[in-house]
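Worksheet for the structure shown next.
The values are calculated or read from the model by the stated rules, or taken from the named source; none is laboratory data. For clarity, every value in this text was computed on a predicted model and none was experimentally measured. Ideal geometry is used to build each Cβ from the backbone, glycine not excepted, and the neighbour counts take in all protein chains shown. Ligands, DNA and RNA are stripped out before the accessible areas are found, and what is left, the full protein with its side chains, is counted by its heavy atoms. Shrake-Rupley method; radii C 1.70, N 1.55, O 1.52, S 1.80 Å.
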Amino acid sequence: MARKQGIGTILVHGAHGVAPSRPVTESIVRSVTYHFDTAAESEQYYHAEDPPYLYSRYENPTVRGAEAIIAAAEGAEDCALFASGMAAATTALLTFGRGGEVVATPYIYGGVYRFLRDEAPRLGLSVKFADAAEIISGAALSTATRVVWFETPANPTIRLLDIAAISSAARSRGTLSIVDSTFASPILQKPLTLGTDLVFHSATKYLNGHSDVLAGAVVGDAVRIRELSLMRRIYGGNLDAGAAYELIRGMKTLEVRVRRQCETALELARRLSRDRRVERVLYPALGDDPDHPLTQQQMPDGCGGVFSFVVPGGLPGASRVYDRLQLVARAASLGSVESLVSLPLLSSHHGFSDAELARAGVDKGMLRVSVGLESVEDLWEDLDRALS
Ligand SMILES: Cc1ncc(COP(=O)(O)O)c(C=O)c1O
């Protein structure tokens, strides 16, 4: 009779042999490590074109599932996911900017701006902030420039930058272009078809869409994404499998969410732009917005669920409107099913000097609204009451 296994062994191996099932949704593979059957298989890991899984900081099946969806949605060869947008952005900038210079537009997410302004130079990257026009003309680029980083639509001004023109200026000088396309999501903007090399998303926002997962994604060609994922092994900013599962679930409704959010945002932006209590509405889908002409080539299906508006009285004026909102949640972030409002001066652009605010186009009386899935009339009632 075979000897009975000890309790220690049973506790570790007892679950093996559960009848195979065929789950419809993705499974969460929590294991951080993976079996090899033989030494030969173990060695194969280093040579195989499509190697088996080895360790979840390298690759994880649930995370790969989410990466496959994002890559396909952007029309890219591959995607690398990270534990947050900032982990993705910093790893990408350190990887591709290495040994040279990063040129970035100043109207980018505050966290990426701070990384480039304060931290990257201490790590040996030289950084230059330049307006889109200086990049497009080539004046801001030099032989040392490795990466051009820009964001469109830009936070919080919802300014559109010409993706095709910036990417082509970068490419003609052998420089990599990376666009932060978070505000657009892959539903409204396809930067790879406009010539950008890599696309970045804070997947925390529209891709997940439910304010409950932090994640960041970079998509592009297989060679660069491989290079990036090798650096992810070193820096270790990996996405957890559970978070990847939630992201996969969130992405199933991405298209319906974003289309509805575009409709609601346009309706609210139109009403606010006709309202005397409001100085200015920033939303390129409005016909009189200076960036409206670019929407045709870049965002023909809508400009997203985020718009900003400026009220008289600077920060105190904006704060009064902010404090009176009842349905729209006073909270940072965007792209969720709940409508959210933020004061850029007290969130993404806190601590910026007047010159930096002016350069980023941020007005002190500005409020940014990220439209959720609530009924448009309820949102309007809330905004109208808050402005009264
Ligand atoms: C446009 C944009 N890029 C990057 C980030 C950073 O992403 P995360 O918060 O997922 O680290 C954010 C976050 O607000 C963002 O709005």
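At q = 0.11, 0.19, 0.26 Å⁻¹, what is the base-10 log of I(q)/I(0) for segment 46-135 according to the Debye formula with one equal point scatterer per Cα and no solvent? Please give it to two decimals. Here the Debye-derived log intensity ratios amount to -0.45, -0.99, -1.25.
With a simple spin-label model that places each label point 7 Å from the Cα along the Cα-to-Cβ direction, the separation between Glu227 and Asp131 comes to 3.2 nm. With the crude spin-label approximation of a point 7 Å out along Cα→Cβ, what separation in nm comes out for Asp212 versus Tyr45? Result for the modelled spin labels: 3.4 nm. When the Gaussian network model of the chain links Cα atoms closer than 10 Å, the mean-square fluctuations of Gly314, Gly305, Gly216 top out at Gly314.
Shape summary of segment 256-388, radius of gyration then Dmax from alpha carbon positions: 14.1, 40 Å. The share of accessible area on segment 154-218 that comes from carbon and sulfur is 53 percent, using a 1.4 angstrom probe. Of the beta bridges in the chain, as assigned by DSSP with both residues counted there, near 55 percent are antiparallel.
Here r is the Cβ-Cβ distance between Glu119 and Asp301 and R0 is 51 Å; the resulting FRET efficiency, rounded to 0.05, is 0.90. Take the convex hull of the alpha carbons in segment 1-97; its mean projected area over all directions comes to 10.6 nm². Over all projection directions, the Cα-based convex hull of segment 281-353 averages an area of 6.3 nm².
Is the C-alpha gyration tensor of segment 116-171 telling us rounded, prolate or oblate? Criteria: a/c under 1.5 is rounded; beyond that, a/b larger than b/c is prolate, otherwise oblate.
Details: a/c = 2.41, a/b = 1.25, b/c = 1.93.
Verdict is oblate for segment 116-171.
Reducing segment 32-88 and segment 158-194 to their Cα centroids gives an inter-centroid distance of 26 Å. Every Cα-Cα pair of segment 181-277 was included, and the share exceeding 17 Å stands at 61 percent.
Report, in debye and to the nearest 20, how large the dipole of segment 288-360 comes out about its Cα centre when Lys and Arg carry +1 and Asp and Glu carry -1 on their Cβ.
Values: 4 positive and 8 negative charges, 66 e Å.
Computed charge dipole of segment 288-360: roughly 320 debye.
Could you tell me which of rounded, prolate or oblate describes segment 82-130, using a ≥ b ≥ c as the square roots of the eigenvalues of the alpha-carbon gyration tensor, with rounded for a/c under 1.5 and, failing that, prolate when a/b is larger than b/c and oblate otherwise? It comes out oblate by the Cα gyration axes. Karplus-based coupling profile of segment 202-216, in residue order and whole Hz: 7, 6, 4, 8, 4, 4, 7, x, 10, 6, 9, 9, 9, 6, x, with θ = phi - 60° in 6.51 cos²θ - 1.76 cosθ + 1.60 and x standing for Gly or Pro. What lysines does Lys252 reach when the alpha-carbon gap must be under 29 Å and sequence neighbours fewer than 8 apart in one chain are set aside? Those lysines meeting the cut-off are Lys190, Lys205.
Using a 1.4 Å probe over the heavy atoms of the protein chains, calculate the carbon and sulfur portion of the accessible area of segment 241-388 as a whole percent. Percent of accessible area from carbon and sulfur atoms in segment 241-388: 49. Phi angles of segment 327-338 translate, via the Karplus equation with coefficients 6.51, -1.76, 1.60 and θ = phi - 60°, into HN-Hα couplings of 8, 5, 7, 6, 7, 6, 6, 6, x, 9, 6, 8 Hz per residue; Gly and Pro are given as x.
If you roll a 1.4 Å probe over the heavy atoms of the protein chains, what accessible area per residue do you get for segment 28-187, in Å²? Don't skip to the end; give the middle numbers.
Details: 6390 Å² over 160 residues.
For segment 28-187, the per-residue accessible area is 40 Å².
Summary of the geometry: segment 279-310 and segment 322-388, compared by the centres of their Cα atoms, lie 16 Å apart.
Close amide H partners of Ala215, meaning residues 5 or more places away or on another chain with modelled amide H under 5 Å apart, are Gly85, Ala203, Thr204. One decimal place: the segment Glu374-Ser27 gains 121.8 nm when fully extended, by the rule 0.36 nm per residue minus the C-alpha distance. If you take the alpha carbon atoms of segment 237-278 and fit the smallest convex hull around them, that volume is 97 Å³ per residue.
For segment 54-99, the square roots of the Cα gyration tensor eigenvalues, ordered a ≥ b ≥ c, give a/c of at least 1.5 with a/b no greater than b/c, which places it in the oblate category. Expressed as a whole percent, the proportion of Cα-Cα pairs in the chain lying more than 27 Å apart is 52%. Calculated FRET efficiency, Val256 and Arg57, Cβ-Cβ r, R0 35 Å, to nearest 0.05? Efficiency, rounded to the nearest 0.05: 0.55. Using the 1.4 Å probe convention, the accessible area of segment 285-388 works out to 41 Å² per residue with neighbouring protein chains retained. Rounded to whole numbers, the Karplus 3J(HN,Hα) couplings from phi for segment 163-173 are 4, 5, 5, 5, 5, 6, 4, 5, 4, 5, 10 Hz, using 6.51 cos²θ - 1.76 cosθ + 1.60 with θ = phi - 60°, and x at Gly and Pro. With R₀ set to 51 Å, the beta-carbon distance separating Ser172 from Ala68 gives a calculated FRET efficiency near 0.95.
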